[in-house]
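*Asks:* Handing you this structure, nothing more for now.
The values are calculated or read from the model by the stated rules, or taken from the named source; none is laboratory data. These numbers come from a predicted model, not from an experiment. Neighbour counts run over all protein chains shown; Cβ positions are idealised from the backbone, glycine included.
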C-alpha cells in the first residue's frame, strides 16, 4: 500500500522546489518601469474595447437593428489619427537620437492632428444628430456614439499626457526623461490608433 | 556590493507632517491600512443590513423593514460584501501591505497612483453610501442589477438609486484598475535580488493573479454600467426591450436583457476568484507557517492558481442555466465549470497534506485557516451541484444557492481575512492581538456561520426561493421551515454581534497589545525580516534584502532552528540541508 | 485537540442532519426523477469527499499537533501522490458530469408530442394561454396589449383567434402528457417554478423562452417566481392544477376563445355598469397584481372594505379612505402612503369616466357600500 510514494524522484526533497524557477530580472529602471506600467494599463483598456465590440456583435443580431450610414467625417478622422500617430512616431525616433527640435516639431504636429481628430469626430456626431440619428434612435447609433465617445475620452486623457510631455520638454530635462515620456505618449497613441482601427473596422464591416 | 535600483533613486525622504504621513500618504503600508479600515467600516454597514434582513426573515411579525427596504438592504449587502469589502480588502488592503514587503521592494512602483487608487475607492464608497439619502433610496435590484427591473418603476431606487450605484461602481473600477496596475507591475518589476517568481510566497501569487484577473474582468462591469446608465438616462436600448412596466410603455425597443447578464457574469464569475485566489494564497502561508512545515506541492499550488485564473473566464454562463439563453450552451459551461474543480481540489488536498507529519500550532490564525478549509470544502462541493447544469435547474435561485455562495465566497474568504489579520497584525502594529478574545471570536464565527448556512442548503432543496421578503402561506413550506428560519436568525444575530469582539480586539490591541517583536510566528517570508517593526518608510533601511531560498523552509533536516528565513544564504557547500539534487 | 473533536462532530452532525432533517425534496410530480437521482448522486460523491477531507484534517491535528519536541517532516512535494489525487478527482468529476449531461440532453430535447402552453409574466402575476383547436399558439407581441387583450395576441392572426387566454386564473394541465411551456414577459425578468416539477426557467421580456416536463400526478401545486422582479417578487405566485385528460378537455372546451372575448369587448365597447367597467380596468391595468379583492395582503393594501375605512399613513396620521383620497392615491400614489407598505406604485392617469368606474368598483368591494 504505497503506490503514492514518489519513487521516481528519490531526491525530490529539495529546498528549491524547481530549477525552472526563472531568472531574477534584475533591478528595473525608471523608464522601463513606466513603459511596463503603460503596457499593463493597456490590458484593461483592450478588455474594455474588446467587450464593447463583442456586445456590438451580439446586439446586432436583434431584430430592431438598423445599420447606421457612417458619416464621411469618420474617414477623415481615421486619416487624421493615422497622421497624428505618425507624428508621435517621428517624435519618438527623434527623441531616441536626441534631436530635441525634431521631437518638438513631431509633438506639435501630433497634438494638433489629434485635436483635429477630435474636431472631426465632433463634426461627425453633429452631422448624425442633425440627420435625426440621435443616440437613442437605434441601437446601431447608440453603439456608434458609445464606442467613438469612449475612444475620444481616452484620447482626451492622452492629450493631458501630451501637455505634460510638452512641459517636460520646455523644462529642458535630461534626454533620458524626454525619451521616456515621449515614448510613453507614442505607445499610447499607437494603441489608441489600433483601437480606433478595430472599432472603425467593426463599424464599417459589420454594420 | 552597493545595490540601489534606480527606482530607489526616487526614494522620497520620510514624510514628516501628519497630513503627508497618514492622510495623503504614498506609503503602501499607510494606504493598505486606509483601504482596510474603510473596507471594514463599510463591511460593518453590510453586516448590519444582513442582520435587519434576517430579522425580517426570521421574525416577520416584527415588521421592522418593509419590502422595499428589504430589497434595498439585500442589494447593498451583496454588493458591499463582494466588491467594496472583500475585493478592496484583499487587493487594496492585503495586496498593498504585503506585496512590496514580500517581494522585497521599498514601495509600490507607482506610489502616487497607489494613493489615487485609495482616494478613488473612498469616493466610490461615499457615493455608494450617498445612495441611502437620494430620493427613492438605494437600488433594490439585487446585486446582479439585472435590467429591465433595475431601471423600471416596480423596483425600489429605480431612479436615483441605481444611478448612484452604477456611478459608484465605475469609480470603484477606476480605483481597482489603478491598484491592479501597481500590484502587477510591482510583482513583475520590483522584486529584490534573488526573488524569482517561483520563490514568491503563495500570498503574492494569489494576489498577483487576482489582480490580473481584475484588470481583465472589471472592464466588463464598467461597460455594462455605462450602457445601463445610457439606457436609464438617454433612453437607449442596449439591454432594454420593448416593455410595459406598471402599466407604462417604456421608450425602448429590441434590447437584450441577456446581453447584460453575459457582460455582468463575464465580470461576476472571475470576481469570485478575484476574492478567492488571494484567500487561497494567504491561507497557504498561514497553514505552512503555523504547521511549521513547507507548503505541500508548491509548484502545483502555483499552477493551480494560474489554471483557476485562466479557466474562470470560460465559465460565466453557469450563472445563466435557467436564464433563457440557448440551452446548448449548458453543455459547454457545465464541462468548463466542473473542470475548474480539479485545480481547486488540488489546492485543498495540498493544504491538508501540509498538515500531515507537521508540527501544528493551533494559534488563532491557524484556527481560522482550519475553519476556512472546512467551510470552503462545503461551499466548493456544493458548487459541483450548481455547476452540473441538470442539478442546477431545480436548485437555481433557491436557498441552496444562497447557502453555497455564502459558504464559498462569503464566509470562507472572511475567515481567511480574520486569520490573516490576526497573523499580520503584529507586523502592522508591533503588538499581538489578544489570544483569548481571538479564540472566542473564532469559535463563535466558525461554528455560528456553519449553523447558519448548512441547513439553508436543505431549505433550497425543498424549493424555497431566494430573494423573498416573506414566505406567507406557501403550502409546500412547512411550519418547521419557518422555525428553522427563526433559528437561523438568532444564530446570525449572535455571530454578527460577536464581531464586536474582533473590532474591540483590533483597536484595543493596537494600543495595548503585548509587544510582538519582529517575527513572533518565526516565519520565513521577507516581510518578517524587516529591520523595524512596524516597517519604516522604505521598509528595508539602508540595504534591500537579498533572497536565497523559497518561503517555505520550515523544519529543514539537519538545521537546528525550525525555520530558515528567505534572506539566509544557502550553506557554502550547497549540498547540505536536504538539498540533494540529482 | 478541541478543534479535532469539533471537526469530527461537524462530520457526524452534518451526516445526521442530512439523513434526519425534515426539510427535503417535495414529492415529485413530474417525470424529472432523473434530476432527483442526479442530486442524490452528487450528495453521495461530494459527501464522501467532505467526510474524507474533514476526518483527515481531524486525524492530522490529533497526530501532529504541537506537543513539543517533535519536528515536521520536510516534504516539498510528492508528484506521484498528486497525480493519483488528480486522477481520482477527475474520475469523481466525470462520474458527476457524464450522467448529468445525459439527463440535460433530455432537458434540451422537447418530445415531439408535447403540448404547447404559454405562460405570460408581468409584475406580479401569471397568465396563461392554450393553443386552442388548431394546436398552434398564435403570434403575440406586447405592442398589441390593450383592452380585452392582456397578453398582446395578434388580432389579425387566425392562429391566435382560437387561443384560450387564462387571465387571473389557475394553470391547468392534463396528467401524463408532455408540456412545452413557452414563456414571455410583459415587463421584467420573471421565473416560473413549481417545486414539485423540478424544472424551471426564466421569462425574459423581448424574447421567448421555453422548457418542458410531463406532470405525473394529479393535484394542485404552487407556482413561484424565481427571478427577482421588483418589490412584489416574493408575492408573485400562481397555482397549477394537474387533472385527468378528460377533465382537462372538458374544462378547456368551456373556456372562451380569444377571438370571442375580443369580439365581446369590441361590441360591448364599454359596459354600462361602471362597476363592471372598473373591474375590467383594474384587471387590464394591472392593479390586481398588487391589490387583492379578497382581503389578502399583497404588495399594496387590499381593496376589500377599503372604501370608507380609516387608513393609517406612514407618518402616523390617519385619513378616511373616501373618494378624494382614493383618487389622489391613484393619481399621485406617493403623496399619502399607507403605513406598512412601500411607495412603489406608479402614478396612473385615467379619464373621468374611467376614474369613476374604478372608484365605483372599489366602493362595491366594501360591505357598507352605499351607506355613506
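*Asks:* Which one is farthest from residue B:497 (Cα to Cα), of the residues in the stretch B:48-75 that are away from every other protein chain (no Cβ under 14 Å) and assigned to a helix (DSSP H, G or I)?
*Replies:* Looking at residues that are away from every other protein chain (no Cβ under 14 Å) and assigned to a helix (DSSP H, G or I), I get B:58.
*Asks:* Here are some residues: B:334, B:317, B:279. Which one is more than 14 Å from chain A (Cβ to nearest Cβ) and either under 25 Å from residue B:390 (Cβ atoms) or modelled with pLDDT under 95 (or both)?
*Replies:* Going through B:334, B:317, B:279 in turn, the sole match is B:334.
*Asks:* Surrounded by fewer than 24 Cβ atoms within 10 Å (Cβ to Cβ), free of Cβ contacts under 8 Å to residues at least 40 places away in the same chain and more than 9 Å from chain C (Cβ to nearest Cβ) - does that describe any residue in the stretch B:139-152?
*Replies:* No, the stretch B:139-152 contains no residue that is surrounded by fewer than 24 Cβ atoms within 10 Å (Cβ to Cβ), free of Cβ contacts under 8 Å to residues at least 40 places away in the same chain and more than 9 Å from chain C (Cβ to nearest Cβ).
*Asks:* OK, next. Restricting the stretch B:184-217 to residues that are over 28 Å from residue B:564 (Cα atoms) and more than 7 Å from every other protein chain (Cβ to nearest Cβ), which is nearest to the chain's Cα centre (by Cα)?
*Replies:* The residue in question is B:210.
To keep it simple, each residue is scored yes or no on (1) part of a helix (DSSP H, G or I); (2) closer than 15 Å to residue A:50 by Cα; (3) in contact with a strand residue (DSSP E or B) (Cβ under 7 Å, 6 or more places away or on another chain); (4) in contact (Cβ under 8 Å) with a residue 24 or more places away in the chain.
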{"residue": "A:150", "(1), (2), (3), (4)": "yes, yes, no, yes"}
{"residue": "A:157", "(1), (2), (3), (4)": "yes, no, no, no"}
{"residue": "A:162", "(1), (2), (3), (4)": "yes, no, no, yes"}
{"residue": "A:169", "(1), (2), (3), (4)": "yes, no, no, yes"}
{"residue": "A:178", "(1), (2), (3), (4)": "yes, no, no, yes"}
{"residue": "A:182", "(1), (2), (3), (4)": "yes, no, no, yes"}
{"residue": "A:185", "(1), (2), (3), (4)": "yes, no, no, yes"}
{"residue": "A:192", "(1), (2), (3), (4)": "yes, yes, no, yes"}
{"residue": "A:198", "(1), (2), (3), (4)": "yes, yes, no, yes"}
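*Asks:* Since residue B:549 meets every condition but one in (1) within 26 Å of residue C:72 (Cβ to Cβ); (2) at pLDDT 90 or above; (3) crowded, with 20+ Cβ neighbours inside 10 Å, which condition does it not meet?
*Replies:* (2)
*Asks:* Counting only residues that are touching a residue at least 40 places away in the same chain (Cβ under 8 Å) and not in a loop (DSSP other than H, G, I, E, B), which one in the stretch C:203-218 is surrounded by the fewest Cβ atoms within 10 Å (Cβ to Cβ)?
*Replies:* Filtering the stretch C:203-218 for residues touching a residue at least 40 places away in the same chain (Cβ under 8 Å) gives C:203, C:205, C:210-218.
Next, from what is left, pick out any that are not in a loop (DSSP other than H, G, I, E, B): C:203, C:210-213, C:215.
Numbers: C:203: 28, C:210: 16, C:211: 22, C:212: 23, C:213: 23, C:215: 24.
It comes out as C:210.
*Asks:* Please go through the stretch A:58-72 and pick out each residue that is surrounded by fewer than 19 Cβ atoms within 10 Å (Cβ to Cβ) and either touching a helix residue (DSSP H, G or I) at 6+ places or on another chain (Cβ under 8 Å) or at the interface with chain B (Cβ under 8 Å from one of its Cβ atoms) (or both). Spell out the reasoning first.
*Replies:* First, the residues of the stretch A:58-72 that are surrounded by fewer than 19 Cβ atoms within 10 Å (Cβ to Cβ): A:58, A:60-67, A:69-70, A:72.
Selection gives A:58, A:60, A:62, A:63, A:64, A:65, A:66, A:67, A:70.
*Asks:* Considering each residue of the stretch A:135-149, count those that are over 19 Å from residue A:63 (Cβ atoms), at the interface with chain B (Cβ under 8 Å from one of its Cβ atoms) and within 23 Å of the chain's Cα centre (by Cα), and give that number.
*Replies:* 1
*Asks:* Which residues, counting only those in the stretch B:358-379, are more than 9 Å from chain C (Cβ to nearest Cβ) and more than 28 Å from residue C:71 (Cα to Cα)?
*Replies:* Answer for the stretch B:358-379, where residues must be more than 9 Å from chain C (Cβ to nearest Cβ) and more than 28 Å from residue C:71 (Cα to Cα): B:375, B:376, B:379.
*Asks:* Moving on. Just to check your reading of the model, which residue among B:379, B:371 is part of a helix (DSSP H, G or I) and either surrounded by 24 or more Cβ atoms within 10 Å (Cβ to Cβ) or without any contact (Cβ under 8 Å) to a residue 24 or more places away in the chain (or both)?
*Replies:* Only one candidate passes the filter, namely B:371.
*Asks:* Return a yes/no flag: does the stretch C:284-302 have any residue that is surrounded by fewer than 14 Cβ atoms within 10 Å (Cβ to Cβ) and either in contact (Cβ under 8 Å) with a residue 24 or more places away in the chain or not in a loop (DSSP other than H, G, I, E, B) (or both).
*Replies:* no
*Asks:* Filter the stretch B:320-331 for residues that are surrounded by fewer than 22 Cβ atoms within 10 Å (Cβ to Cβ) and in a helix (DSSP H, G or I); which is nearest to the other protein chains (Cβ to nearest Cβ)?
*Replies:* B:331
*Asks:* I'd like the residue in the stretch B:154-206 that is crowded, with 23+ Cβ neighbours inside 10 Å and out of contact with any helix residue (DSSP H, G or I) (no Cβ under 8 Å at 6 or more places or on another chain) and, out of all such residues, is nearest to residue C:227 (Cα to Cα).
*Replies:* Here the residue is B:154.
*Asks:* Answer with yes or no whether residue B:454 is without any contact (Cβ under 8 Å) to a residue 40 or more places away in the chain, facing chain C (nearest Cβ under 7 Å) and surrounded by fewer than 24 Cβ atoms within 10 Å (Cβ to Cβ). Spell out how you get there, then give the answer.
*Replies:* On the way: without any contact (Cβ under 8 Å) to a residue 40 or more places away in the chain: no; facing chain C (nearest Cβ under 7 Å): yes; surrounded by fewer than 24 Cβ atoms within 10 Å (Cβ to Cβ): yes.
Considered against the rule, which asks whether it is without any contact (Cβ under 8 Å) to a residue 40 or more places away in the chain, facing chain C (nearest Cβ under 7 Å) and surrounded by fewer than 24 Cβ atoms within 10 Å (Cβ to Cβ), residue B:454 comes out as no.
*Asks:* Could you figure out which of (1) at the interface with chain B (Cβ under 8 Å from one of its Cβ atoms); (2) farther than 26 Å from residue C:206 by Cα; (3) at pLDDT below 95; (4) touching a helix residue (DSSP H, G or I) at 6+ places or on another chain (Cβ under 6 Å) isn't true of residue C:92?
*Replies:* Among (1) at the interface with chain B (Cβ under 8 Å from one of its Cβ atoms); (2) farther than 26 Å from residue C:206 by Cα; (3) at pLDDT below 95; (4) touching a helix residue (DSSP H, G or I) at 6+ places or on another chain (Cβ under 6 Å), residue C:92 violates only (1).
*Asks:* If we scan the stretch C:222-229, do we find a residue that is under 18 Å from residue C:174 (Cβ atoms), facing chain B (nearest Cβ under 7 Å) and surrounded by fewer than 24 Cβ atoms within 10 Å (Cβ to Cβ)?
*Replies:* So the first thing to find is which residues in the stretch C:222-229 are under 18 Å from residue C:174 (Cβ atoms), and the list is C:223.
Filter once more, keeping what is facing chain B (nearest Cβ under 7 Å): none.
No, because not a single residue in the stretch C:222-229 is under 18 Å from residue C:174 (Cβ atoms), facing chain B (nearest Cβ under 7 Å) and surrounded by fewer than 24 Cβ atoms within 10 Å (Cβ to Cβ).
*Asks:* Here is a check on your reading of the model: is residue A:76 assigned to a helix (DSSP H, G or I) and either away from chain B (no Cβ under 14 Å) or surrounded by fewer than 21 Cβ atoms within 10 Å (Cβ to Cβ) (or both)?
*Replies:* yes
*Asks:* So how many residues does the stretch A:99-134 have that are within 15 Å of residue A:151 (Cα to Cα) and within 14 Å of chain B (Cβ to nearest Cβ)?
*Replies:* Adding up the residues that qualify gives 1.
*Asks:* I'd like the full set of residues that are part of a helix (DSSP H, G or I) and either touching a helix residue (DSSP H, G or I) at 6+ places or on another chain (Cβ under 7 Å) or under 23 Å from residue C:147 (Cα atoms) (or both), limited to the stretch C:253-270. Reasoning before the result, please.
*Replies:* Restricting attention to the stretch C:253-270, the residues satisfying the condition of being part of a helix (DSSP H, G or I) are C:253-254, C:258-268.
Once the filter is applied, which keeps residues that are part of a helix (DSSP H, G or I) and either touching a helix residue (DSSP H, G or I) at 6+ places or on another chain (Cβ under 7 Å) or under 23 Å from residue C:147 (Cα atoms) (or both), the stretch C:253-270 yields C:254, C:258, C:259, C:260, C:261, C:262, C:263, C:264, C:265, C:266, C:267, C:268.
*Asks:* Now for a different question. Quick check on the stretch C:158-190: of everything there that is free of Cβ contacts under 8 Å to residues at least 60 places away in the same chain and within 28 Å of residue B:154 (Cβ to Cβ), which residue is nearest to the chain's Cα centre (by Cα)?
*Replies:* Once the filter is applied, the top-ranked residue is C:189.
*Asks:* Restricting to the stretch B:457-489, and then to whatever is closer than 30 Å to residue C:1 by Cβ and buried (at least 16 other Cβ atoms within 10 Å of the Cβ), can you tell me which residue is farthest from the other protein chains (Cβ to nearest Cβ)?
*Replies:* B:488
*Asks:* If you take the residues in the stretch B:337-357 that are over 23 Å from the mean Cα position of the chain (by Cα) and not in a loop (DSSP other than H, G, I, E, B), which one is nearest to the other protein chains (Cβ to nearest Cβ)?
*Replies:* B:355
*Asks:* Go through the stretch C:140-157 residue by residue and tally those that are within 14 Å of another protein chain (Cβ to nearest Cβ), buried (at least 16 other Cβ atoms within 10 Å of the Cβ) and over 24 Å from the mean Cα position of the chain (by Cα).
*Replies:* So the answer is 1.
*Asks:* Right, another one. Would you check which residues across the stretch C:193-221 are closer than 27 Å to residue C:346 by Cα and within 7 Å of chain B (Cβ to nearest Cβ) and list them?
*Replies:* Listed by number, the residues that qualify are C:202, C:204, C:205, C:206, C:207.
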